[in-house]
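Trainee: Right, I'll just put the structure down here and ask away after.
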Amino acid sequence: MKTAIYPGSFDPVTNGHLDIIRRASTMFDKLIVVVLINPLKSYSFSIPERVGLLSKVTSDIKNIEIDSYDGLLTDYFKQHNVDVIVRGLRATSDFEHEFQMAHTNKDLNPDAETVFIPASANTTFISSSMVKQVAMFGGDLSKYVPTVIHEEISTRLKAEFERQLNRK
Ligand code: PNS
């Protein structure tokens, strides 16, 4: 049985992430999607919110588990007997950072191999930060995030933006 892990910030999950999740779930017996922390980023959604959104958009996928962890990916990898790390690649601009992460993870745990899945052509330009900007200024998110969470994300991000403006 092969278990893969798809780690990320998912702040929030987008159609780009869901594309990778769906495709990876057909390649492995089990796929764990785990919300991790990049200490250099600031997040708009709490970890329970991100886990909740991921659970909603993947409810039809049978071999999937959604989790979160506040430590190193390689520690989670070891504790859960994971075989491989999956990451999506959108463009060459992603490559340098992804290459560095893959090598760091392999250095920390020589068993931690990373496989890259190229983003589907229609999602290559979608990112969580782009989604956040569009939502905060009231733009239409329906093409960028799954339909079941689109209203929730828009409302939540617009409210956050208003709070930020009021503080200025
Ligand atoms: O979606 P992101 O922000 O590109 O995901 C990056 C993430 C969260 C997967 C990465 O920062 C991570 O693995 N964080 C956990 C801490 C860790 O293991 N860091 C060492 C790998 S560079």
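Just so it is clear, none of the values below were taken in a lab; they were calculated from the coordinates. Since the structure is predicted, the reported quantities are computational estimates derived from the model, not experimental observations. Please note: Cβ atoms are built from the backbone with ideal geometry, for glycine as well, and neighbour counts cover all protein chains shown.
Trainee: Pull up all non-local amide H partners of GLU113: gap of 5 or more, or a different chain, and H-to-H distance under 5 Å with H placed in the peptide plane.
Mentor: ILE85
Trainee: Which three extents, in whole angstrom, do the alpha-carbon atoms of the range 10-102 cover along their principal axes, largest first?
Mentor: 32, 29, 28
Trainee: Of SER129, SER59, SER120, which is the most mobile in a GNM of the chain whose springs link Cα atoms less than 10 angstrom apart?
Mentor: The residue with the greatest mean-square fluctuation here is SER59.
Trainee: Here's something else I'd like to know. Just to be sure I understand the model, the point goes 7 Å from the Cα along the line to the Cβ. What's the resulting SER42 to ASP94 distance in nm?
Mentor: If labels sit at SER42 and ASP94, their model points lie 2.6 nm apart.
Trainee: Taking only the Cα atoms of the range 72-168, how large is their convex hull per residue, in Å³?
Mentor: 158 Å³
Trainee: Something else about it: Of the residues THR155, THR58, THR92, which exhibits the maximal mean-square fluctuation in a Gaussian network model of the chain defined by a 10 Å Cα contact cut-off?
Mentor: Checking each option, the largest mean-square fluctuation is seen for THR92.
Trainee: How far is helix 92-108 tilted off the main Cα axis of the chain, in degrees rounded to 10, range 0 to 90?
Mentor: The two axes meet at around 50 degrees.
Trainee: What are the semi-axes of the equivalent ellipsoid of the range 1-40, taken as the square roots of 5 times the eigenvalues of the Cα gyration tensor, listed largest first and rounded to whole Å?
Mentor: The answer is 20, 13, 5 Å, longest axis first.
Trainee: How big, on average over all directions, is the shadow cast by the Cα convex hull of the chain, in nm²?
Mentor: Its average projected convex-hull area is 9.9 nm².
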